[in-house]
Structures are given as structure tokens and as C-alpha cells.
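We did not get these values from a lab; they are worked out from the coordinates using the rules stated. Just so you know, these numbers come straight off a predicted model, no measurement behind them. Cβ sites come from the backbone with ideal geometry, for glycine too, and all protein chains shown count toward neighbours.
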Amino acid sequence: MGFWKSLFSSADAPAASRTVSIAGETVQSSGDRGSQIVFSTDRDIDLYELEELCDAVGWSRRPLRKVRKAIQHSFLVVSMWEQRGTQRRLIGFSRATSDHAFNATIWDVVVHPDFQSRGLGKALMKYVIKKLRSEDISNITLFADPHVVDFYRRLGFMSDPEGIKGMFWYPD
């Protein structure tokens, strides 16, 4: 269990002049004392707001009916919000599918570019992993684009840990 313990240690938290604790992880704040970062597992997410978040990072658009279905059928849905008074803005999102016993796969990890490089992506991932582990899920996988592989490696994920090669089937 050393791997999981090291994943939740705060020794590698980013240095900042002002830090806040989110989901047990110390992260750099936005510098605006009038705002805070909040996590939610509520699935009632405005799909247009989620689409705007995905657009902000350059993801291709997906049909909203399919996004809604994916969220409904996910084991875990986590959204990350910037809260300012009574207003809130979706700044991060992730979800996971699972067999509800042993395995889960994390999907759709996204953090708005205005909030990247502040430790919030790391906090989001640690929150997702913590939630999955609290459900006794022990095998957590994800798929990563080449430009974010190092981010996930720093969180303890590894490529093909036992030399297993993933296989995929795509329609023609």
C-alpha cells in the first residue's frame, strides 16, 4: 500500500505565497480571496457549461445526448467549481466507470486553462482516486494523450505495469 500512501502525501505540494487545502491536498490558490475551490459528486451538471470547459482545452465536441448518457452510466462523477459568493463556475471535471468491485477507469479529466499549473489537476485526480479507494476499488486505470502522460506518471500511474498491451477495437 506504499504506492497509495505516497499518492496522498503532501510533501510534493506546489510552493506558493498563498495556499489552500482542497480535498486534503495543498494547492496554490488563484490569489483571489473572494473565491474558493469546491468539489462535487452531483451529476446534475449543465452540459453546455461542461461543453464550454471542454472547448476551452481544445477537445472536439461530442453529442450532448451521449455526454449525458456517459455521465448517467458512470460509477463516479466529480466536478470542480470556483465559488465566488453565490456564483460558481465549472473549472474541472472527471468521471470513472467501474465493475463496482475491483476495477475502475478514469475518463474525461479536464481543468480549465485559466486554472492549470496550480495543483488543481492533481487535487482533482487525488479526489477521484480517494473516492474510488473508499469504494474498495483497487485497480484504477486511465487513458492519456501523449502530452499528459508525465502528469499522470507524477501521480503514480505507470504504463503497462505488467507488460500487458492494451487492445482496442474501433468501428471503421
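Structure above, values below:
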read-out	value
Where Rh is the Kirkwood radius over Cα pairs, Rg/Rh for the range 28-155	0.95
Packing rank of 105-117, 147-159, where each peptide gets the mean count of other beta carbons within 10 Å, highest leading	105-117, 147-159
Protection proxy ranking of 69-79, 52-62, 129-139 - average other beta-carbon atoms within 10 Å, highest first	69-79, 129-139, 52-62
At R0 = 25 Å, FRET efficiency that the Cβ-Cβ distance of W169 and D136 yields, to 0.05	0.25
